[in-house]
1. Please return the ranges of helices (runs of 4 or more DSSP H) entirely within the stretch 115-227 where 2 or more residues are within 25 Å of residue 104 (Cα to Cα), touching a Phe, Trp or Tyr at 6+ places or on another chain (Cβ under 9 Å) and among the basic types (Lys, Arg).
2. Taking interchain pairs and intrachain pairs at least six residues apart, which have beta carbon atoms under 9 angstrom, with the first residue in the stretch 183-212 and within 12 Å of residue 148 (Cβ to Cβ) and the second of a type in the set (A, V, I, L, M, F, W, C) and loosely packed, with under 13 Cβ neighbours inside 10 Å?
3. Could you go through the stretch 161-175 and let me know if any residue there is among the charged types (D, E, K, R), under 30 Å from residue 216 (Cα atoms) and either in contact (Cβ under 8 Å) with a residue 12 or more places away in the chain or exposed (fewer than 14 other Cβ atoms within 10 Å of the Cβ) (or both).
4. It is to be established whether one or more residues within the stretch 111-120 are of a type in the set (Asp, Glu) and either surrounded by fewer than 18 Cβ atoms within 10 Å (Cβ to Cβ) or more than 18 Å from residue 212 (Cβ to Cβ) (or both).
5. Go through (1) surrounded by fewer than 20 Cβ atoms within 10 Å (Cβ to Cβ); (2) under 25 Å from residue 195 (Cβ atoms); (3) within 11 Å of the ligand (Cβ to nearest atom) for residue 14 and report which single condition fails.
6. Restricting attention to the stretch 88-97, and to residues there that are within 24 Å of residue 16 (Cα to Cα) and in contact (Cβ under 8 Å) with a residue 24 or more places away in the chain, which single residue is nearest to the ligand (Cβ to nearest atom)?
7. Can you find even one residue in the stretch 102-116 that is without any contact (Cβ under 8 Å) to a residue 60 or more places away in the chain, within 11 Å of the ligand (Cβ to nearest atom) and aromatic (Phe, Trp, Tyr)?
Amino acid sequence: MSKETAVDHVTQNMETYNRIAEHYHVTATPGLRAWKEESMRRFAAFLPGAHVVVPGCGDGRDSRFLASLALQVTSFDLSDAMLRIARERDPSGTYLKLDFRDMANLRGPFDGIWASGCLYHLTKAEFVRCVTTCRSLLSKAGVLYVSMKEGQGERYEEILGPRYPGGAEARALLQGRRFYAYYERDELLKALDGFALLAEQRVEPAERGFELWLRKIGEAAAQSRQV
Ligand SMILES: C[S@@+](CC[C@H](N)C(=O)[O-])C[C@H]1O[C@@H](n2cnc3c(N)ncnc32)[C@H](O)[C@@H]1O
């Protein structure tokens, strides 16, 4: 990756998300919402307690659903336009402006982290550091959910793929340059050091990707897993 990419990818992604935020609702197709809501129920069933954080919350659709499951939800995003929509739709919710790379500034512990379709906007090196921060923010036996894109490498994309939720309307309205990191399954599991896999599945109504539900494991267990 070029030095310019390493410096500018978050700024570039924010330029795109701030511009498209008002149209982002077109991705909330009935099929994808039903799928994600089932995934959130599964997440809730694994939790050791009720405090959860939602990184990259976008327009807050998942935060609102998690709150409807009687969870205490703190959400954050770096896009002002996304946050404005999330706060308008859920005035009593907690929506903070924060970069994934500054998650250590959150006040934990949390029982769960629901990171849906967002941490692939970090470089692979940043993602490894973010996983370490997530682990430190979680309570004992806390749960991390991630959904990530399947593939190889990390790069900017300009064109949304044929399976992007919302179809032709989304491809027309949500154009823009975004940085993505793609993972093969084993590579992703290796980056999620300090966690044990609880469940996994491929996302069907979206672009190729994985959903993983993971539980924080203790230091001793994490070290013995590495030998
Ligand atoms: C593909 S959208 C997903 C939104 C939401 N999680 C969902 O599933 O509908 C990715 C979100 O991540 C946010 N994001 C991207 N980079 C970020 C960063 N470095 N820190 C915080 N949020 C970021 C974007 O603003 C956007 O709202």
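1. Values: elements: 124-137, 167-173, 185-191, 219-226.
Where helices (runs of 4 or more DSSP H) fall fully within the stretch 115-227 and carry at least 2 residues being within 25 Å of residue 104 (Cα to Cα), touching a Phe, Trp or Tyr at 6+ places or on another chain (Cβ under 9 Å) and among the basic types (Lys, Arg), they are 124-137.
2. Close Cβ pairs satisfying both conditions: 189/197; 212/197.
3. Applying the first criterion (among the charged types (D, E, K, R)) to the stretch 161-175 yields 163, 169, 171.
This time we only want the ones that are under 30 Å from residue 216 (Cα atoms), so: none.
Scanning the stretch 161-175, I find no residue that is among the charged types (D, E, K, R), under 30 Å from residue 216 (Cα atoms) and either in contact (Cβ under 8 Å) with a residue 12 or more places away in the chain or exposed (fewer than 14 other Cβ atoms within 10 Å of the Cβ) (or both), so the answer is no.
4. Keep residues of the stretch 111-120 that are of a type in the set (Asp, Glu), which gives 111.
From the residues that got through so far, the ones that are either surrounded by fewer than 18 Cβ atoms within 10 Å (Cβ to Cβ) or more than 18 Å from residue 212 (Cβ to Cβ) (or both) too are none.
So far as the stretch 111-120 goes, no, none of its residues is of a type in the set (Asp, Glu) and either surrounded by fewer than 18 Cβ atoms within 10 Å (Cβ to Cβ) or more than 18 Å from residue 212 (Cβ to Cβ) (or both).
5. For residue 14, the exception is condition (2).
6. Taking the stretch 88-97 and keeping what is within 24 Å of residue 16 (Cα to Cα), we get 88-90, 94-97.
Right, trim to in contact (Cβ under 8 Å) with a residue 24 or more places away in the chain and you get 89-90, 95.
On the way: 89: 13, 90: 14, 95: 11 Å.
The selected residue is 95.
7. Taking the stretch 102-116 as the starting set, the residues that turn out to be without any contact (Cβ under 8 Å) to a residue 60 or more places away in the chain are 102-110.
Now restrict to residues that are within 11 Å of the ligand (Cβ to nearest atom): 102-103.
Narrowing further to those that are aromatic (Phe, Trp, Tyr): none.
Scanning the stretch 102-116 turns up no residue that is without any contact (Cβ under 8 Å) to a residue 60 or more places away in the chain, within 11 Å of the ligand (Cβ to nearest atom) and aromatic (Phe, Trp, Tyr).
Quick grid of which residues meet (1) over 20 Å from residue 129 (Cα atoms); (2) not in a helix (DSSP H, G or I):
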| position | (1), (2) |
| --- | --- |
| 64 | yes, no |
| 73 | yes, yes |
| 81 | yes, no |
| 96 | yes, yes |
| 111 | no, yes |
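The values are calculated or read from the model by the stated rules, or taken from the named source; none is laboratory data. Please read all numbers here as calculations on a predicted model, not as lab measurements. Note: ideal-geometry Cβ built from the backbone for every residue, glycine included; neighbour counts use all protein chains shown.
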